[in-house]
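The values are calculated or read from the model by the stated rules, or taken from the named source; none is laboratory data. This is a predicted model, so every value here is computed, not measured. Cβ coordinates were reconstructed from backbone atoms using ideal geometry, including for glycine residues, and neighbour counts include every protein chain displayed.
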Amino acid sequence: MEELSHYINGARVKGTSGRFADVFNPATGEVQAKVPLAGVAEMDIAVAAAQAAQPAWAATNPQRRARVMMKFVHLLNENMDKLAEALSREHGKTLPDAAGDVQRGLEVVEYCIGAPELLKGDYTDSAGPGIDMYSMKQPLGVTAGITPFNFPAMIPMWMCAPAIVCGNAFILKPSERDPSVPLMLAELLEEAGLPKGIMQVVNGDKEAVDAILDNDVIQSIGFVGSTPIAEYIYGRGCANGKRVQCFGGAKNHMIIMPDADMDQAADALIGAGYGAAGERCMAISVAVPVGEETADRLVEKLVPRIEKLKVGPYTSGTDVDYGPVVTAAAKENILGLVETGVAQGAELVVDGRGFSLQGYEDGFFVGPHLFDRVTTDMDIYKKEIFGPVLSCVRAQTYEEAIGMAIDHEYGNGTAIFTRDGDTARDFANRINIGMVGINVPIPVPLAYHTFGGWKKSVFGDLNQHGPDAFKFYTRTKTVTARWPSGIKEGGEFSIPVME
Ligand code: NAD
């Protein structure tokens, strides 16, 4: 059985706490490795190494720091297949989807190559008589990030690339479900020329997270995961005086207007609802057709598409639409919520409950489900399912449809499908959700924009990547400078007197 490690001060280091977690191959259900779960002592060693290395890194000029990112991009491309394979093996997503996970992180690294420009400060010449004023963006020091299982390459890179290029040291506590890719990323960064101690990976669970929260040296914490944990980390981190940004769960609605291209809408829902087995924070989990006729047409188009979905292991390459969910517990949770949907009166139009894959009976596969006539009081509407389960909630009017999305506690992403510019414009203006798609089902912003939801999907003020990341990972210092003219006028030899 492979024993995974931490990555501390430039080397793979075995766990010393004596605690481990199983890392599964979700396609077969087998335990393929053990990951060490760090205690306070291991976190303290990593923090000390980070603290020792960070001042020299901060003093390295931004161009040189950016060059490390350039080389890192090159190495990510060179190792793409290896990274994608390791990612699929632990996460379960298909190989093309795993390569996409790496690619979306890589694009954030590319953005960070612009650090010399992005870190330029402001300067006011002659703010007063003989007085100049300038602002500097300085690194925070030692920073940390805690990431979820569903994007083990992209989300660590959302955080580590801007943190590091701004001159900070970064400690990553990745998900204990799929820790191999984060360890590989740390090694590639060092191969790209990063000094040791600047990027470290400390594996673990709540104990390691609490060690981050309570460590006085760590200046900032980035978190992405479920809402209850986001709320906990935000509260405790802020109380301990840290800069914290936490991103939580989601329940993303897609509104389908009667004038939408129904084939396009159905195709979009299939990819956005079932891709990655629904384990995306930007997955569409609620379809809201407006009008009974729209709903009937939509469901009629969805059913045959869902029945054709190919579910299987990543080893089948491009022949699979989605893979297993991440753990047996995740599968149980999804199927439990499906039962509540049936019990509470939703119509299960496509029933994936009996799904089993020959040769992979112990894998964590979940068949695709489609519920129709879901109502807003049902658990399958209120809770995040994070599985291949799409709920159709029929609205009679546009106002009712937008009202549902507005009233839901989550506010990560949403979409509207329509041919009417006025409706689309009204929707984009009034909706209280952070990322909006117009005839685009998964509106994930590119690296040079910022990513973030509203409402219970976020705790904190600044978004991920784009210009916000450079604000999150730096502090502004403003200098007011005045140089008295005494020196160039020469010395004063007679005794000074008051006039
Ligand atoms: P999770 O909240 O279970 O775990 C996230 C991280 O928190 C992991 O590193 C985990 O080890 C740690 N953690 C878990 N329990 C903890 C505890 N009690 N105390 C301290 N730390 C703890 O989330 P997950 O299952 O890995 O990921 C799925 C969730 O992440 C979904 O809710 C999804 O919507 C959300 N997500 C959100 C975004 C976003 O940008 N808003 C992006 C991706 C995923």
Looking only at the stretch 447-469, which residues are of a type in the set (D, E, K, R) and assigned to a strand (DSSP E or B)? Lys455
Note: among Asp263, Asp205, just one is of a type in the set (Asp, Glu), away from the ligand (no atom under 16 Å from the Cβ) and either at pLDDT below 95 or surrounded by fewer than 24 Cβ atoms within 10 Å (Cβ to Cβ) (or both), namely Asp263
In the stretch 243-268, what residues are hydrophobic (A, V, I, L, M, F, W, C) and over 20 Å from Gly453 (Cα atoms)? Ile256, Met257, Ala260, Met262, Ala265, Ala266, Ala268
Looking at the stretch 370-393, is at least one residue more than 26 Å from Leu83 (Cα to Cα), at pLDDT 95 or above and of a type in the set (Phe, Trp, Tyr)? yes
Quick test for you: out of Val299, Val326, pick the one residue that is within 16 Å of the ligand (Cβ to nearest atom), surrounded by 15 or more Cβ atoms within 10 Å (Cβ to Cβ) and not charged (D, E, K, R). Val326
Given the stretch 327-438, what strands (runs of 3 or more DSSP E) lie entirely inside it while holding 2 or more residues that are of a type in the set (Val, Ile, Thr) and touching a residue at least 12 places away in the same chain (Cβ under 8 Å)? 347-350, 413-417, 435-438
Among the residues that make up the stretch 134-146, is at least one of them within 13 Å of the ligand (Cβ to nearest atom) and either outside the structural domain of Met80 (by TED's automatic domain parsing) or closer than 25 Å to Gly278 by Cα (or both)? yes
Which of the residues that make up the stretch 150-191 are among the aromatic types (Phe, Trp, Tyr) and either more than 13 Å from the chain's Cα centre (by Cα) or more than 10 Å from the ligand (Cβ to nearest atom) (or both)? Phe170
How many of the residues making up the stretch 270-316 are of a type in the set (Gly, Ala, Ser) and within 21 Å of Ser356 (Cβ to Cβ)? 5
Quick one: count up the residues across the stretch 359-390 that are under 16 Å from Tyr274 (Cα atoms), within 16 Å of the ligand (Cβ to nearest atom) and of a type outside the set (A, V, I, L, M). 5
Residue in the stretch 237-258 that is farthest from Leu172 (Cα to Cα), counting only those that are in contact with a helix residue (DSSP H, G or I) (Cβ under 8 Å, 6 or more places away or on another chain), of a type outside the set (A, V, I, L, M) and away from the ligand (no atom under 15 Å from the Cβ): Pro258
Look at Thr318 and say whether it is away from the ligand (no atom under 16 Å from the Cβ), assigned by TED's automatic domain parsing to the domain that holds Gly271 and in a loop (DSSP other than H, G, I, E, B). no
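Name the residue, out of Arg353, Arg373, that is at positive phi and touching a strand residue (DSSP E or B) at 6+ places or on another chain (Cβ under 9 Å). Walk me through how you get there before you give the answer.
Details: Arg353 fails: at positive phi.
Answer to the selection: Arg373.
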Among (1) closer than 22 Å to Ala395 by Cα; (2) surrounded by fewer than 16 Cβ atoms within 10 Å (Cβ to Cβ); (3) not basic (Lys, Arg), there is one condition Phe371 misses while meeting the rest; what is its number? (2)
Single residue of the stretch 211-236 satisfying the filter (within 11 Å of the ligand (Cβ to nearest atom) and without any contact (Cβ under 8 Å) to a residue 40 or more places away in the chain) that is surrounded by the most Cβ atoms within 10 Å (Cβ to Cβ): Leu213
